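Encoded as structure tokens, the structure appears first; notes follow it.
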Amino acid sequence: MKKLTTLLMIVFLGFASTAQTKEELKEEQAPKKAQIAKLQGEVKAIQAKIDALPGWRKGAFGTVGGSLSGFNNWYSRSAPTASAGNIGITVNGFANLIEKDFFWRNAATVNLGWVKLDEKGVSGDEGFDTATDVFTISSLYGRRISKTWALSALAEYRTTIIDNFNDPGYLDFGAGATWTPTDNLVVVIHPGNYNFVFSSGETVFESSLGAKIVADYTKKYNKLSVKSNLSVFQSYKSSDFSNWTWTNSFGYTIWKGIGVGFELGLRKNKQEALSNAIDVNAALPVPGATPTFDSVDNKLQSYYLFGMNYAF
């Protein structure tokens, strides 16, 4: 009995010693965590100073989304044997030269998507069809007249690259002023801008003079990358020739640059709406009255993509 009591005492003291050691380790760990947090704050402050220095600033992040599905003798479907696929890719990149007296900001956005539905026993095109096709590149030069204002010139080109390249294509070129209240927000106000529209054959597209407004916000919050761009053209000739596009991209890094991403694009363009309505009308078995700017329904265009993200 005495030996059993002695053994239990040894075990109890062992547990007590372990518990005490654990508490001591936690007490030793606490100040080290505080030191790490302090060093991280100092590193961020130094990085902010580095980012504020003149010179080139470059970056890019993109999202890849996709899904594949297949059915074999799945009789609850009208077509029991079928396969489907959806692939989307988006890339946002920038290269900005920031100097004391001037800046030169360059950006590019590419969003491509394909979709496929193959139903066995149903004849037709079984390849991938284009779902999303967006390409935008811009270059903005500004000569500073104050800390937040600059006289500027902008060139911006938008088109598709898979289907109907440069048909239509839009080239904006103009001059005015740019407001940069922070390093992350750029607002372009150009009252003198010409919107060149390129298209082939007999089309409704027409170039015109107007005003250009662009608001671009790019920011990285730790693991979250955000980019929002609003591009507006207001034609002086007719509101029928005006258009706007708003794209929003988000990327959250989880591990070694890999994470999840989401992109949403919105657009209104009456010339595109009318061109599409004319094509649809011509394809009808019995075409009706030819659509016009007054009769066309200029619906909101949109696309979205959700999938894996990679930050360069």
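Okay, residues lined up against (1) surrounded by 19 or more Cβ atoms within 10 Å (Cβ to Cβ); (2) part of a strand (DSSP E or B); (3) of a type in the set (S, T, N, Q):
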residue	(1), (2), (3)
Lys220	no, yes, no
Thr247	yes, yes, yes
Ile254	no, yes, no
Gly261	yes, yes, no
Ile278	no, no, no
Ser302	no, yes, yes
Leu305	yes, yes, no
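Residues of region 128-165 that are touching a residue at least 12 places away in the same chain (Cβ under 8 Å), part of a loop (DSSP other than H, G, I, E, B) and either surrounded by fewer than 15 Cβ atoms within 10 Å (Cβ to Cβ) or hydrophobic (A, V, I, L, M, F, W, C) (or both): Phe128, Thr148, Ile161, Ile162, Asp163.
For Ala175, only one of the following conditions fails: (1) at pLDDT below 95; (2) surrounded by fewer than 17 Cβ atoms within 10 Å (Cβ to Cβ). What is its number? Condition (1) is where Ala175 drops out.
Any residue in region 295-307 that is farther than 11 Å from Thr247 by Cα sitting within a Cβ distance under 6 Å of a residue that is of a type in the set (A, V, I, L, M, F, W, C)? List the pairs, counting only those 6 or more apart or interchain. Once the first residue is farther than 11 Å from Thr247 by Cα and sits in region 295-307, its partners that are of a type in the set (A, V, I, L, M, F, W, C) give Val296/Ala273; Val296/Leu274; Val296/Ala277; Asn298/Ala273; Phe306/Phe262; Gly307/Val64. Would you confirm, using the coordinates I've provided, whether Leu140 is modelled with pLDDT of 95 or more, of a type outside the set (Asp, Glu) and either more than 22 Å from Phe250 (Cβ to Cβ) or assigned by TED's automatic domain parsing to the domain that holds Tyr221 (or both)? It is true that Leu140 is modelled with pLDDT of 95 or more, of a type outside the set (Asp, Glu) and either more than 22 Å from Phe250 (Cβ to Cβ) or assigned by TED's automatic domain parsing to the domain that holds Tyr221 (or both). Please specify each residue of region 279-312 satisfying the condition of being touching a helix residue (DSSP H, G or I) at 6+ places or on another chain (Cβ under 9 Å) and under 30 Å from Phe262 (Cα atoms). Of everything in region 279-312, those that are touching a helix residue (DSSP H, G or I) at 6+ places or on another chain (Cβ under 9 Å) and under 30 Å from Phe262 (Cα atoms) turn out to be Asp297, Asn298, Lys299, Gln301. Within region 283-301, the presence of a residue that is of a type in the set (Gly, Ala, Ser) and either on the phi > 0 side of the Ramachandran plot or in contact with a strand residue (DSSP E or B) (Cβ under 9 Å, 6 or more places away or on another chain) (or both) is excluded.
The values are calculated or read from the model by the stated rules, or taken from the named source; none is laboratory data. Please read all numbers here as calculations on a predicted model, not as lab measurements. Note that we place each Cβ from the backbone using ideal geometry, even for glycine, and neighbour counts take in every protein chain shown.
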